[in-house]
Each structure stands twice: as C-alpha cells, then as structure tokens.
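The values are calculated or read from the model by the stated rules, or taken from the named source; none is laboratory data. All figures in this text were calculated on a predicted structure; none of them were measured in a lab. Ideal geometry is used to build each Cβ from the backbone, glycine not excepted, and the neighbour counts take in all protein chains shown.
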Amino acid sequence: MMIRGGRSLVSSPPVFSNDANKLLVCTSNTVSVFSTATGLQISSLEGHTALVTSVLVVPPSSPAAKVLCYCWTASLDGTIRYWDFSVPELMKTIDIRVPIFSMVIPSFLDVPAEDKGKHRNLFAYVSTIDTKETQDKSKASRRQIRKCNLSKSCLVGRLILGETKKPEVLTVSPSGKFFGICNKCKLHIWKVPDQGSEHAAVRKITLHHTKKITVITFHPTQRIIASGDVTGRILTWRGFGNRAFSGDNGVDNQKLINVQEDKPGVRDIDDADLCSTWHWHSAEVNVLSFSLDGAYLYSGGKEGVLVVWQIDTGKKKFLPRIGSPLLYFIDSPDPTLSSISCADNQIHLLKMPSMGILKTISGIKAPCCYPEMYEGLGNGIAFDQTAGLVALRTENYCIQFYSLFDDRGISEVQVCERNHQPGDDVTVIVTAVALSVDGSLMSTSEVKLAEEGIGGLVCLKFWQAGSQNKEFSLSTIVYEPHRDASISAVTFHPSGNMVVSSSFGGDFKVWRCNNDSLQSDQMRQTFSWTCHAVGSYKKKPMTAAAFSADGSVLAVAAETLITLWNPYKNVLLAVLGETLTPIVNLSFIGKSDNLVAASCGSNPQLSVWSMSKLSLSWSYKLRIEAVASAVDLSSFAALVLLPESSNETTFKGRDGVILLYNATDPVPTAVWSVRKAKGGALGFLQVNPSFVEEISIDGKTPEVLLAYMNGDHEYVVFDPFCKDAKEVNMSQKVSHSALEVKGLGGQYGYVSIYGELPEFDKKRPETPCVPSFPSERPWETIFSGSSHSLPPLTKLCSSFLESLLEKRTVTVE
Amino acid sequence: MAEIRAEEQTSTISKTFLIKPKLKSKPRTLPQTPESKYWSSFKSTQIPNLVSSIYSLSFSPSPPHPFAAAYSATVSLFSPLSLSDGDVSPSSTISFSDVVSSLSFRSDGLLLAASDLSGLIQVFDVKTRTPLRRLRSHTRPVRFIKYPVVDKLHLLSGGDDAVVKLWDVAGESVVLDLLGHKDYVRCGDCSPVSSDLFVTGSYDHTVKVWDVRVDNSKSVLEVNHGKPVEDVIYLPSGGLIATAGGNSVKIWDLIGGGRMIHSMDSHNKTVTSICVGRTRKENCGDEYMEDRILSVGLDGYMKVFDYGNMKVTHSMRFPAPLMSVSFSPDCRTRVIGTSNGIIFAGRRKGKENVESGGRRNILGFESISEPEVLRPRYFRYFHRGQSEKPAEGDYLVMRNKKIKLAEHDKLLKKFRHKDALVSVLNKKNRENVIAVMEELVTRKKLLKCVSNLDIDELGLLLMFLSKNATMPRYSSLLMGLTKKVIEMRAEDIQNSDALKGHIRNLKRSIEEELRIQHSLQEIQGIISPLLRITGRR
C-alpha cells in the first residue's frame, strides 16, 4: 500500500553478476537488481533492516557455474545474508550483532572449486564498530577490522586485525591474497592466510604517505598497489610486502636482498620496492581501479572526469564532463562493460574500450545547495498529479522528471544551456518550477547572478511537453519579466492557459497562452505566452501566489497581506490581512472556500482563511516547510518542522510531522512524524489506474495519494485517509527504523496523537472568526443614540477620527 | 528497406552548448498564413501614366493571356510576359472616339469587343487591331459588354438606357432586347455552365437573371442588393453569383431561389469591381487550387474573400482608389486599375503550365506511376553501392548534425576568455558580443578580461561601448560595464589619444540619450494626467 523510493543508488559500490547481465546496487535497506541491457530494475532483495553496506557476488568456480547467482550482503543491522538473486530468495542469515560498514570475502576469489563433501571454511573480513567496549575505551578507536567465519556463522573470537577512528572501506586484491584499508596518511595491508584455519596469523604491513589517502586498489596480477590522496595525487607502490609477506618463499627472499638498497620514492622503512606518483586530478581522488589485464588504471574524482592511465608509460585518456563527482568504478566480468557511479545518484554503464555511455540507471537527484539569498525560494519541487511524477531541479541546470510509482528517472529537461562542472561557483540558479495540472506545460524561472553588479539576468521560461515521455521543448522565454527583481513564485491556472508569476519587486504578472497552430504541420501546436495583466498592491513585494480550484480567483500574498484578484479582468476583489511575518506559501484548499497560508520568519504561522467570510478561520504557530492541497478534496496536508527542544524526547530523532487537516476543522485528522523534513515537499497525487492493485486495500481504491519527499529526496507515497492499514503497516516500520536513515519513520493513528498535540503545537487559541474588515461606515454609528448618553465630544472626536483613518487603510487604490 | 549504418548509438552526458545571443521577440502579429504568402508572391509592377481612370481590364482566355486595359478613349494590350522583364509599355494600342467603358475577349481570345460612352460597340481582331464589326443600337452610353463563356456568336451588352441587349455579332443585329431594369445597367456576367443564362446588375439596386429561352423576355429571377450594383459575377460553379455595390459584396444562391448566403462588409468605401481569383492550397500533402473572390474598392483595398469559409483571407492596400480588377486564367497575373491612371500588375513566378497541370489533377486523368521499391528478393538489392541514393519509402537514419563552433566558442572552450572577447569584438556582430559578455559574466571573468586588454583591444571595446551602450536592449549590461571599464582603465585612457577619442564619442552618445530621456519624460508628464483621468471613468 505504501510506495517508497528515491533511495540513493550510490551509498556503496554496486557489483555485476557473473554473466554481466545484472547489476546489484545497494539501495538503503534493499539490494536492487538492475538489468544492464535495459537499465531497469528487475527485482530487489529485501530483508535487511538497515542500510546495506556491501554486496558481493560469489564468483563462478567453473565456466559452467557462471549462471549461478549467489551473493553475500552485509548491513548496518549486524547481519550478513546469503541470497540467490535470480529468484530472489534469502538462503542464509548470519547475525554478528555489530553493524558492518564494509565486508570483503577474499578466499572465494582464489580457492578452487569446493570439493564435494568436504566443507571448507569461508572467511569474511568485516569493518565494524565494537559495541562492547564503549565504556572503557575512547570513542576514537572503536572501529575494528575483524574476521568472520561465514561457514560457522560467527565472528572469529578475539581476533581484531586493526582499529581505526572512522569506518574504513576494505579493499581486496583481485587475486584474493591481500586486502587493505586506508587510514588517514597510512595504508594497512594484510595478507590473507592460505590455510582455512580460524586463528592463522594474519600478517600486516603499513605504507606511509604525507597526505590523507582516500582510496586504494590492488593490481590484478602483480604486487602493485595504487592509492589516491586528497590532493589528487596517485601513488603506486610496486613490490609491496616483499619482506613481510614472503617468509615462506625462499626464492623471493634472495631476490629481495639485492634490491633492498635502492627504493626510490619509498618512505622510511616501508616494505615496498618503488613508489611513483602521478598527478593530474586537481581535487581528491575517489575512484581507482586497475583494468582486468592490469595494463590500465582508471581514476576519477571530484571533477567528474574519468582518467585512464597506461601503467607502463603514464599516458592518459579521458572521459570528460561527466558533470558530477565520481564515486565508484566497477569492472564487469564482460570486458566490454563497466559502470561508474556518480554523486548525483546516477550509474552509467560504459561500453568499455571506447568509454561511451550505453545506459544510465537514473536515481533521483540529490537536492542542490545554493547561495544563501536563494535558499528560501521554495525547494524547487513540483508534482505532476495525474502522471505521478515529480519535477526536481538538479545541479546541472536541469529539471529531472522522476516517476514516483516506478521509482526511476523519466527524463531531464535542460533549462539553461550550460554544462555543470562540480566545484564551479554557482552563477546560474533555477529558482522555481511549476507544472500545469495536466502536466503538459511547465514554467521555470532562473537567475543569472551578476558579476560585481554587471549583467545579472532573470529569465522566465515556458515549456510544452512533446507527444511522449515528458520531453519538454521551450516555447517562450521572457527576459527580465519583472525588471531585475527575482521571481518569488510561479503558478499555473487550473485550465493551464494562464500563469501568474509574482516577484519581490512588488508586482505580479499574469501570462496568457496564445495557441497558434501552424497550418503547414497541424500535428504540432506551438504556444506562445504573452503578458496579459500586471498588478501590484502598495508596492509591496509579492511573495506567493495561488489560483482557486475553478480558476476564478487569484490570491497573491503581498508580504503579510493576501490580495484576491480576478485573473481575467485584473480587478482587485478583496484584501485579507494580516499575518505577523511574510507569507511564503499560499494554497486554495480544493473544493472548499478556504485558503491556507504559511508564513515563515521569527513568527511562523499556519493560517486558514475563509473566502466566504473574508476572515481568518484558525491559525497555528508552526514552522511550515510545505503545504499541499488536493484538487477535489476539502483537506490539506502541511509539513511542519518541529522546534529543536521537543525533538529529542517525543520523536526519537524525527524532526518533522505531516499534519492532515480538514479545512474547517483546526484539529488535524491524521499525523505522521518524519525524518529530515527540512527541505522536504508534499504533494497530492491522483490515483493512477495502472497502480490500483498495488495501492488498494481489500479492493478499496484510495481517492488520492499523498507523496512526501524528505530533504534527501527519498519519498513515500501513501493513502492519507486509510486508517487501519496504516496502523499495521507502520508498527513494523517503527520497530525497524531505530537506526536507519530512512525518510519516514512512524505513523500513528488519530487517537494516539490527540493527546500528543499540545506538546509540540503551541496552539494559540485564536477566536475562530476574526473579521478583518470593520463595518462599512463606523463613523455613522458612533454618534447614533441619544445625546445625553453619548460620551463627551472631546473623547468622541478622537474615536471618530480614528474610525475615518481605519477606513482609509482598508480601502485600496 | 533502408541501409542502416551500424553506428555506435552511445550517448554522452555532456553536450556542447553554443554561446547564443538572446532571442528577439517576435512581432505580435500573427505569422503570415500560406494564403497571404501566396497573394504577396505576386511581384508588383506599376504601369503608370495612363492619363485617366482605368474603367475595365480583361484577360485573354488564350495563353499567354495578354490583357487589355481601357482608359480614356484608348484600349491598350499588354503582354504578361513583359511584366516579368520589367517592360511595361503596351504591346499595342487602339484608339477610340469616345471614352471606352468596357472590354471583353471572345472565348478563343481572337476577338476583343469594346464599348464606349457614345453607345457604340466595336469588335476588333486582336492581332491586326482592325474593327471587324460595329454594333450600334444603344441610345445611351454602353456600360458593359460580355462575351458568353463558350458561345462565340453572341454578345451581351447593357447601358444607361436601362436595356440589356443580346447581339448576333456576325450579323450586327440585336437578337433580344431585355427590358426590366429601371435604372442604368452597369454590369453583367454570363453563366459559366450554360450559354443561355446571364445576369445583369443595375443602379436600381437589383440584379436580374435572364434566360434567353424564356419567350416574354422577362427576367427569371431578381435579387435586391440594397445598393446600386457596381459589379456582378458568376462564381465558377454557376450556381452562385457575387454582387458588389455600396461597401458590401454579397453572395447569392441562384439555385436556391436567390437567397443571400453572405454579405462581406469589410470595405470602407464603394466596391467597384470584383473578379474570381484562385489560390493554391495545400492539404495533407497534395496541392490544389481554390477559388476566391477578389474585390477592389474606392478605399484602395484589395480583399481576397474565401467564400467557402466566408472569411477574408488577405487584404492589400494600394495608394489610390481602385476601379477595376482582373485575374488571369493561368493564375499568374492579377491586375488592378486605379482611378488616377496607374495599373498595378502583379505577376507570380512559376511554371508556365500551372493551369494545365492544375486541370489535369482536378480531372484525375493522370496515371500515378508506382514507385519502384527494391526488395531483398531482387538481385539488384544486394548490388547497391555506397553511392546509392535513398528511395522514397526508405527510412533514413540521420547522422547527428555537427555543431559548428564559432571562433569565440572555441576560445571559450579553452578558457581563453580575453581572446574570445577580442575575437568577437572584431567580428562586429553586436548580438554575439553581448552573448559572449554575458557568458563571461556567468563565469565571473568579464572584469578580469577588461583588465587584461591591451590598448588596441581596449579601443575596440570602447568603440563597441560608445556605439551600443545607450541601446535600451543592452544598456542594463553595457552601462555598468562602461562605468567599470572607465574606472579600471582610467590611466591607460589618459595616456592614449585614440582612447580619448572613443571616450568623447561615448560621452556624446550618452548626452544624446539623456536628451531623449528628458524629452520622453516631458511627454510622459503630459500624458500621465490624461491617462489617470481616463482610468478614473
């Protein structure tokens, strides 16, 4: 009944299946299996209750076994699980009760096929937190590297290979003989003992460097290790561990003595023959990987360029302008296929020697950070109610369309014709995105920042969808729509042929769509948008705008006041006032004649205004992050940020709640508490007929769905009006979400929250109906009554003049 | 089947974006419709100095469709071919004793009939210009004559004596005297489908339909236009007529008993003449001709009226009151006569036999040849070479268009910002300069570039600024930049005379702009109270 998605695909390195047809990607609590041919998700392995940190595919012992699909996964919930991911089916669970940050299993890489009957021990090495010794030891050295016997399902007791301050990622050599970690300026390398005994001594060497090392990798055949550091240098040590690891090999020892005198580039007493340095990257190196034959080294980092080094000559080849920092580079068993994972939640499948991109597995893009003055401009998230899509602005000046039901990226629209380079100064910002109700039209606004006061530019763009797949094409650009003032809000009229844009410069404009279809090709309609009307109210900055459900009323917030207009004739109908701080969000509540306004600042407020009485119905002092109202319902949902103080005790780390209100009733009908509400968004979605089976409970189809997206763009779609199903479903979730990084935590029924409310809602008991308009002519009534009962004239005079003054503030030019 | 190239269909993440200038706003008027494009494609030529008002224009039905114009006591023949060459002198001229009022070619184009205000009708041989017959019976000026569409023997005429006469041309005798009109008969037309039917229009506001087969020589149908009728024509179907009188053109259904279908009232003054024109229409790929009514009026407008959709599809203004209009049967020439002795002739480029081709298509006699398609079972399919051209049914796999990079684009790609700015300043394309400057602003490199310019390059920049800084489109960027440039490079400017000259120019243009702004403000001061007053109402 609940649809979750928007999870990060790049939290840990993905892995290819043995036939290279599948890619296993860790997606928070689950492992998703993608097809490399289509880039679509096939299945998911569900069972872990916390973030999955490692996934390892069991390599085939013989060519015939290539079709076998077994994998090990390790998670922060302290379990290691063994799966058959072709079915998918959980085969085995090992609970070691300590969170695992990284796991490697070196032995199955070099061991020949298991002999029948004789069961060998399979060892894994894991990077964990030691939970037992928290009291006596300092926090700094709690992270440990330990050995785990997977065959016997237990940790090898007391064997601690090393301790680090931070959880480090274990790297294993392709031959399976070594594994290592980088720990600040040092590299630790262990040699995997040959015998499968539990307590075999694991020998270790340490290599030193002057900078913090970020990533290491092993050469597939030779004793070469490469590491990248934070300054962008790549160091290659050749012949590491010749002294320490070759005790059992006499021939090597002899050779070693000869070369011992001359070790260029190697620091102090480090156990290596030669250390050479390459420097191309300008920022830290995140990706290092040797090619399968060991002739090339792939490296990448923050600049988003994949560099291929020919190891013998040091010559370079580039795959430039990937546009996002690289995180992982994974080779597949198929030499023509590999993958790179980027920080913008995309996994690109590369066709190998040419390094062209075959397919992209597109996750939801992360929110982008902007200079402070543009922080408050809404979060740039628009929901397409009919198609169940969400439009998000991304760092590379695009709008990404993400399907909430399918959990995959649909398309991207390049709003500004620029390439994004990670690390560049932000000079162009997409400030707002709005979609029409049917999703066929889009409007975006962007700001080009000025350089020392020269050449700033605000642009408003109108887009129209193509015939399929949300491919938007530009129909109109308006340069400087409100002179040089930036746009605060863009909203579509319900009919889609009108847009209002409000600006901080003190005016709003109504744009109208002229639909001129050319006779030559009747299939293509072209829309052009022209300014229909301009309005302003006392030169106040216009901070938000909304159309009523039937489109007959336009509400524009002029800082603390709400002005109501007829959008067709551009006539001011009424003024509602006023809130304490500027309104940032306005929304009409579906069918009902109510308007909800959210204001932020030092005195945040959620207020509901009645259109029939032109007065405030009720209000709360709440910090509102987002408000959503469905088109054809009389209720709305508000995402509330909890104050810091109440955070710890009541809500177990959750920093926000979603309140569902009926427009007329100040008591919320439902409450859900959520995590990472800052920067979150809410939207009502219409029920897509193709998903009815998934969503409906006992044959009942919900009316609408509510989508909540948190600050990390993880989202959940659920039926806000379904009570009993929610209880069952959520009680599970609550128990699981003890340590998880998940978006939505728990959800409680109406009765349970009813007692809770006063704790976080400093509910101001306001009079339910405060008319904001004084009676039409107060001065007429002041003097009515018999003369002897009137107060003295001196007193009356001041109140009479006051009443006149009051009148003037209300009447509007 | 197409030959599909096995190209690598790999995509890249990064795209190459050119530095594009800002788009210019399109005019608010609607784009030209294909129809108005068609009517504008008649390349206009003036035939001036024809002394007086052009009463009548007529095209010969035989190719190359020369046309005759009647003005004063002269009839001139013009060849349409000469119009394309720009030679506008008449090919031949016939002189009369009185003012010529009307002209008509016989259907084979060999004879031309002309009437004059003395009441005489003469028939000429077009080639030799000798009068062959003189028809005299009208007692008052003759206002119109018309040869029937197919009939070569008879002639229709009408005049100020309110009598319509049908002539036997060969015998110079009147066959029928049709009485019924109560005022001057000014116009008439013969049915395109029957040689027995014709209409006449008169100043008594009525249009009468005559049938020669009716014995009592009374009109078979009568419609009232409501205004003195200036012109009447049969529409090509033969069932409809269009009448012009007053400011309106009205369309009548004769078969339906003289019912008015539509009245077109878009002229502002009296409509003097109408004729049938044809326009090319495209629908779903195939081309065909559609009929239109061309009307001209004393207001100087020619209007094209689509009587299928009852819509004016094109309108064209001429600098004089218009008296007559005619459209050639091959659809390539349209001529308009004015009241001050100028003929506006328009000729369209095109194949010589548009008309015949059009006919054939309408009749559908043309056999459609089957396109030959190569199929894998043919031997020849496997023998196609690299130079094989795609056949009509093939699906083309387009190769991605190569993006052409300008020099400044290349330099910007290499981060040579100053060089890019200098290169685009040298190119003298204003839009591009602005676009490059804006790109530099977004890269936060514009001021750095300015400080790096050497003296010559600075001169280039100052020259550009002095020319364009006051343009309203760019001033928001350029005024700020100008200030900064002068601030940053004050010393260099002081040391160089050439730069000082540019600064002087800049100063001059800014002073001029200030003057303009000042006067604009004055005007605004005058207008704004007026606007406020009108707004109050």
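Observations on the model:
- Residues that are part of a strand (DSSP E or B) and in contact (Cβ under 8 Å) with a residue 24 or more places away in the chain, drawn from the range B:94-110: B:Ile94, B:Val100, B:Ser101, B:Ser102, B:Leu103, B:Ser104, B:Phe105
- Scan of the range A:86-145 for residues that are modelled with pLDDT of 75 or more and basic (Lys, Arg), ordered by number: A:Lys92, A:Arg97
- The residue list A:Val556, A:Val584, A:Val575, A:Val534 contains one member that is among the aliphatic types (A, V, I, L, M) and surrounded by 23 or more Cβ atoms within 10 Å (Cβ to Cβ), which is A:Val556.
- Pair list, Cβ under 6 Å, 6 or more apart: the range B:62-82 residue closer than 16 Å to B:Leu111 by Cβ and crowded, with 19+ Cβ neighbours inside 10 Å, other residue of a type in the set (Phe, Trp, Tyr) and modelled with pLDDT of 85 or more: B:His65/B:Phe59; B:Phe67/B:Phe59; B:Phe67/B:Phe78; B:Ala70/B:Tyr55
- Every residue from the range B:427-442 that is within 14 Å of chain A (Cβ to nearest Cβ) and crowded, with 17+ Cβ neighbours inside 10 Å: B:Val433, B:Ile434, B:Ala435, B:Val436, B:Met437, B:Glu438, B:Glu439, B:Leu440, B:Val441, B:Thr442
- Identity of the residue in the range B:471-507, within 44 Å of the chain's Cα centre (by Cα) and more than 21 Å from B:Leu447 (Cβ to Cβ), that ends up farthest from the other protein chains (Cβ to nearest Cβ): B:Met471
- In the range B:450-466, the condition of being of a type in the set (Val, Ile, Thr), away from chain A (no Cβ under 14 Å) and closer than 27 Å to B:Ala498 by Cβ is met by at least one residue.
- For the range A:33-44, a residue qualifies if it is outside any loop (DSSP other than H, G, I, E, B) and either closer than 15 Å to A:Ile94 by Cβ or among the β-branched types (Val, Ile, Thr) (or both), and the qualifying residues are A:Val33, A:Ile42.
- Remark: pairs (first residue in the range B:454-471, in the same structural domain as B:Asp497 (by the TED database); second residue surrounded by 17 or more Cβ atoms within 10 Å (Cβ to Cβ) and among the aromatic types (Phe, Trp, Tyr); Cβ separation under 8 Å; 6+ apart in sequence or on different chains) = B:Asn468/B:Tyr474.
- Within the range A:245-262, the presence of a residue that is modelled with pLDDT under 90, under 25 Å from A:Val308 (Cβ atoms) and part of a loop (DSSP other than H, G, I, E, B) is excluded.
- Residue selected from the range A:56-100 under the condition of a type in the set (Val, Ile, Thr), part of a loop (DSSP other than H, G, I, E, B) and under 24 Å from A:Thr171 (Cα atoms), by the criterion nearest to the chain's Cα centre (by Cα): A:Val98
- Taking every residue in the range B:124-136 that is closer than 17 Å to B:Ser107 by Cβ and pairing it with any residue that is assigned to a loop (DSSP other than H, G, I, E, B) and hydrophobic (A, V, I, L, M, F, W, C), at least 6 positions away or on another chain, the pairs with Cβ-Cβ distances below 9 Å are B:Asp125/B:Leu110; B:Val126/B:Leu110; B:Lys127/B:Leu110; B:Leu132/B:Val169; B:Arg133/B:Val169; B:Arg133/B:Ala170.
- The range A:283-360 holds strands (runs of 3 or more DSSP E) entirely within its bounds, and those carrying 2 or more residues that are within 14 Å of another protein chain (Cβ to nearest Cβ) and crowded, with 20+ Cβ neighbours inside 10 Å map to A:337-342, A:346-351.
- Residue count for the range A:12-32 satisfying the condition of being in a strand (DSSP E or B) and among the polar types (S, T, N, Q): 3.
- Selection status of B:Ala406, within 14 Å of another protein chain (Cβ to nearest Cβ), in contact (Cβ under 8 Å) with a residue 60 or more places away in the chain and either out of contact with any strand residue (DSSP E or B) (no Cβ under 7 Å at 6 or more places or on another chain) or closer than 25 Å to B:Thr16 by Cα (or both): no
- Subset of the range A:410-440 that is touching a Cys at 6+ places or on another chain (Cβ under 8 Å) and away from every other protein chain (no Cβ under 11 Å) - its residue that is nearest to A:Ser32 (Cα to Cα): A:Val413
- Looking only at residues in the range A:454-479 that are within 14 Å of chain B (Cβ to nearest Cβ) and of a type in the set (Phe, Trp, Tyr), the one that is nearest to B:Thr482 (Cα to Cα) is A:Tyr479.
- Filtered residues of the range B:399-415 (kept if under 11 Å from B:Val436 (Cβ atoms) and loosely packed, with under 10 Cβ neighbours inside 10 Å): none
- Only one of A:Glu446, A:Glu451 that is more than 17 Å from A:Ala544 (Cα to Cα) and within 14 Å of chain B (Cβ to nearest Cβ): A:Glu451
- Single unsatisfied condition, B:Ser273 versus (1) assigned to a strand (DSSP E or B); (2) touching a Lys or Arg at 6+ places or on another chain (Cβ under 6 Å); (3) away from chain A (no Cβ under 14 Å): (2)
- Restricting attention to the range B:65-98, the residues that are in contact with a strand residue (DSSP E or B) (Cβ under 6 Å, 6 or more places away or on another chain) and either of a type in the set (A, V, I, L, M, F, W, C) or at positive phi (or both) add up to 12.
- Residue under evaluation A:Thr210, criteria (1) part of a strand (DSSP E or B); (2) modelled with pLDDT of 85 or more, criterion not met: (1)
- In this entry, A:Ser86 is excluded by the filter for residues that are touching a Lys or Arg at 6+ places or on another chain (Cβ under 7 Å) and free of Cβ contacts under 8 Å to residues at least 60 places away in the same chain.
- Residues located in the range B:311-334, provided they are outside any strand (DSSP E or B) and out of contact with any Gly (no Cβ under 7 Å at 6 or more places or on another chain): B:Ser328, B:Pro329, B:Asp330, B:Cys331
- Pick from the range A:359-409, criterion in contact with a Cys (Cβ under 8 Å, 6 or more places away or on another chain) and within 22 Å of A:Ala544 (Cβ to Cβ), ranking: modelled with the lowest pLDDT: A:Gly376
- The set of residues in the range A:492-507 that are buried (at least 24 other Cβ atoms within 10 Å of the Cβ) and under 12 Å from A:Val556 (Cβ atoms) comprises A:Val500, A:Ser501, A:Ser502, A:Ser503.
- Residue tally, condition assigned to a strand (DSSP E or B) and either of a type outside the set (A, V, I, L, M, F, W, C) or within 17 Å of A:Leu460 (Cα to Cα) (or both), over the range A:526-561: 14
- Residue match in the range B:211-222 (condition: free of Cβ contacts under 8 Å to residues at least 60 places away in the same chain and either surrounded by 23 or more Cβ atoms within 10 Å (Cβ to Cβ) or outside the structural domain of B:Ser326 (by the TED database) (or both)): no
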